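Scroll down for the structure; my scribbles are underneath it.
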Amino acid sequence: GAVVSQHPSWVICKSGTSVKIECRSLDFQATTMFWYRQFPKQSLMLMATSNEGSKATYEQGVEKDKFLINHASLTLSTLTVTSAHPEDSSFYICSASPASGGRSSYEQYFGPGTRLTVT
Amino acid sequence: ILNVEQSPQSLHVQEGDSTNFTCSFPSSNFYALHWYRWETAKSPEALFVMTLNGDEKKKGRISATLNTKEGYSYLYIKGSQPEDSATYLCALRSNDYKLSFGAGTTVTVRA
């Protein structure tokens, strides 16, 4: 149980194009989803917190116009990297927290991540 | 985002041996500490959530302790097996449910 999928698992795109990454909770409803980024040999860094039906909250230093987040349903959040540049090349990973009343709402269940390479 | 440190960055252990490693964090405003196990190309798997000073949790051959007053947690692997090879992440949870991660300890178990 508590399975989170992410698609695609890897993507290569050209500089200036946009890339959409999907995060789905497969067997539970998630009121909150989180998006992280990891550069080589560094820790997972929280980019933004996404609540179903409302605007995402971005961490300091993360451009909301560049990293568009949509959390349209209780099982799906998307991250769109707009006008991607080589410095956006990174590992992006999402997590989902269950809605209350089911599994512990404080736990975060992670997807397997997406490797983005911008050429 | 809070400063969480893990050491060592990596370690090699012989199959059958036991090992342990550390997660250090600010001791003020502690809410909870999470441990995850992350194998390559898979999702991080939740191991433990620890909330109370002196907590000890166990899952099979893996156990963890927590000292919130001095700001550290140890993770122990007893009788390491090749399938224990993974990166172990700790994360400090703040009152707004956000997680601040350490960079992880990568464990390689040699047969």
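The values are calculated or read from the model by the stated rules, or taken from the named source; none is laboratory data. Just so we're clear, the structure is a prediction, and the values are computed from it rather than from any experiment. Virtual Cβ from ideal backbone geometry, glycine too; neighbours counted across all protein chains shown.
Taking the stated definitions as given, is residue B:64 aliphatic (A, V, I, L, M), within 14 Å of chain A (Cβ to nearest Cβ) and under 20 Å from residue A:108 (Cβ atoms)? No. Answer yes or no: is there a residue in the stretch B:53-68 that is among the acidic types (Asp, Glu) and under 24 Å from residue A:91 (Cα atoms). No. For the stretch B:52-61, state whether one or more residues are crowded, with 21+ Cβ neighbours inside 10 Å, part of a strand (DSSP E or B) and more than 10 Å from chain A (Cβ to nearest Cβ). Looking through the stretch B:52-61, none of the residues is crowded, with 21+ Cβ neighbours inside 10 Å, part of a strand (DSSP E or B) and more than 10 Å from chain A (Cβ to nearest Cβ). Being crowded, with 16+ Cβ neighbours inside 10 Å, out of contact with any helix residue (DSSP H, G or I) (no Cβ under 8 Å at 6 or more places or on another chain) and either among the β-branched types (Val, Ile, Thr) or in a strand (DSSP E or B) (or both) is a property that does not hold for residue B:30. Of all the numbered requirements in (1) within 14 Å of another protein chain (Cβ to nearest Cβ); (2) surrounded by fewer than 19 Cβ atoms within 10 Å (Cβ to Cβ); (3) modelled with pLDDT under 95; (4) not in a loop (DSSP other than H, G, I, E, B), residue A:91 misses one, and that requirement is (3). Please work out which residue is modelled with the lowest pLDDT, limiting yourself to the stretch B:33-51 and to residues that are part of a loop (DSSP other than H, G, I, E, B) and at the interface with chain A (Cβ under 9 Å from one of its Cβ atoms). Looking at residues that are part of a loop (DSSP other than H, G, I, E, B) and at the interface with chain A (Cβ under 9 Å from one of its Cβ atoms), I get B:41.
Assessment of the stretch A:53-76 against the conditions (among the small types (Gly, Ala, Ser), modelled with pLDDT of 95 or more, within 30 Å of residue B:33 (Cβ to Cβ) and under 14 Å from the mean Cα position of the chain (by Cα)) yields no matching residue. Taking the conditions (1) surrounded by fewer than 21 Cβ atoms within 10 Å (Cβ to Cβ); (2) part of a strand (DSSP E or B); (3) over 10 Å from the mean Cα position of the chain (by Cα); (4) not small (Gly, Ala, Ser) in turn, residue B:87 satisfies each one other than (3).
Identify, please: which residue in the stretch A:24-45 is under 18 Å from residue B:87 (Cβ atoms) and in a strand (DSSP E or B) and is, among those, farthest from the other protein chains (Cβ to nearest Cβ)?
Here the answer is A:37.
Only one of the numbered conditions (1) surrounded by 13 or more Cβ atoms within 10 Å (Cβ to Cβ); (2) within 12 Å of another protein chain (Cβ to nearest Cβ) is violated by residue B:77, and that is (2).
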